[in-house]
Amino acid sequence: MASRGSSSLPTEACSYCSSAAVYVREHEGVRFCAACFRDAVEDRFRRTVVKHRMLEYNDHVAVALSGGKDSLTLLHLLVKLEKRFPRSTLTAVCVDEGIDGYRDEALELARAACAKLGVRQLVVSYRELFGTTTDEIARLKLGQTPCSYCGVFRRKAINRAAAMVGATKIATAHNLDDEVQTILLNMLHGDPLRIARSGPVLRDPRGSFLPRIKPLCDIPEKEIVFYAYLTGIKFQTVACPHGHEALRNDIRSFLNQMEIKHPGSKFTLLRSAEKLRNQMLQDLTLSELHECVKCGDPTPHELCEACVMLQTITV
Ligand code: SF4
Ligand code: ZN
Ligand code: ZN
């Protein structure tokens, strides 16, 4: 197999054993054979969990499972980790946004993965929770993109599903690329305080919403794709028909170019945001959250974002 991840380093032996290298981690200057690459990804996942104290020995984790590469890889890694903690529980929570020709395949892949791994699964839908679907919202041609609604509703749907199964935590599959894209998006939207409400772990000091963890936040997207490929994880490759977030796509291209020219840029940006969050923002922002007057979810305003959006939809 050809070397991946670098054009400047030749394909040689793995830096950790004598097997042929199949992947180069450019910013660290190390090469991996397939087995050592998988070990390295699993090691980074475990280190992230430990570093941010994401899990307790008896947690019931609701894994937000979409059927894409990231969430299926997250489920796979959490199942491996869970075997070492017999008092912990995993439940996959899936959301059907109501997107014809797209979500059905992903839900089937998610169902098959849960059956194979022996993980309980709960599927909730926008139709049952909000009385509408992403396809219907797209047809209304509102001022914002369907993704703006869909993303807010998904967060709420996952919260609901996690509460239904009695979870103590929610794990989402945001990877390093997602995280740094969102950091720049927030800056470009003029909303830097949102950086404080994100991060690898989000806990509510008053305990009125479930902690959310992102155990893949230190793993680049391309490493997740390669890990899934090497591990035989089947995931959805078809793109959502509504997914045209122009600004995010531009940021993705910019960050990928930066990473090629300046390896490690994405990690540096993530660490910068962590410093900002830890030193200046988190306590301030979390203390500003209170309960939405309509649904009770945490929000810095009178109504949460989802309830505001629901008011704009007339179907
Ligand atoms: Fe929803 Fe946008 Fe994702 Fe499609 S791309 S599932 S519309 S958030
Ligand atoms: Zn090796
Ligand atoms: Zn609300």
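The values are calculated or read from the model by the stated rules, or taken from the named source; none is laboratory data. Here the structure is a predicted model, which is why all the values come from computation and not from measurement. Glycine also receives a Cβ, built like all others from the backbone with ideal geometry; neighbour counts cover every protein chain displayed. Note: accessible area is taken over every heavy atom of the protein model, side chains too, but ligands, DNA and RNA are not part of it. Shrake-Rupley method; radii C 1.70, N 1.55, O 1.52, S 1.80 Å.
Brief remarks follow.
- Think of a 1.4 Å ball rolled over the protein heavy atoms: the chain then has 50 Å² of accessible area per residue.
- Gaussian network model of the chain, springs between alpha carbon atoms under 10 Å - residue of Leu72, Leu90, Leu142 with greatest fluctuation: Leu142
- Each of Asn249 and Ala35 was given a label point 7 Å from its Cα along the Cα-to-Cβ line. The distance between the two points is 4.3 nm.
- Per-q log10 I(q)/I(0), the chain, q = 0.16 Å⁻¹ (Debye; single scatterer per alpha-carbon; no solvent): -1.60
- For the pair Arg120 and Glu12, a Förster radius of 41 Å applied to the C-beta separation gives a FRET efficiency near 0.35, rounded to the nearest 0.05.
- Size of electric dipole in the chain: Cβ of Lys, Arg +1 and of Asp, Glu -1, about Cα centre, debye, nearest 20: 700 debye
- Extent along principal axes [Cα atoms of the stretch 94-216; Å; largest to smallest]: 39, 37, 28
- Amide H contacts under 5 Å for Val63: Thr91, Ala92, Val93, Ala171, restricted to partners 5 or more places along the chain or on a different chain, H placed in the peptide plane at 1.01 Å from N.
- Unit charges at the beta carbon, dipole of the chain: most positive-side option, Ile224, Gln181, Val308: Ile224
- For the stretch 297-311, backbone phi angles converted through the Karplus equation (6.51, -1.76, 1.60; θ = phi - 60°) give residue-by-residue couplings of 6, x, 7, x, 10, 5, 10, 6, 4, 5, 5, 4, 5, 4, 5 Hz, Gly and Pro being listed as x.
- Here the chain has 53 percent of its accessible surface on carbon and sulfur atoms, given a 1.4 Å probe and all protein chains in place.
- Here Lys294 is the anchor, and the lysines within straight C-alpha reach of less than 29 Å, apart from those fewer than 8 places off in the same chain, are Lys141, Lys156, Lys169, Lys214.
- Taking amide H atoms as placed 1.01 Å from N in the peptide plane, the amide H of Val123 lies under 5 Å from those of Cys94, each 5 or more residues away in sequence or on another chain.
- Residue-wise HN-Hα couplings along the stretch 163-175, as the Karplus relation 6.51 cos²θ - 1.76 cosθ + 1.60 with θ = phi - 60° gives them from phi, are 5, 4, 8, x, 6, 9, 8, 10, 10, 10, 9, 4, 9 Hz; Gly and Pro carry x.
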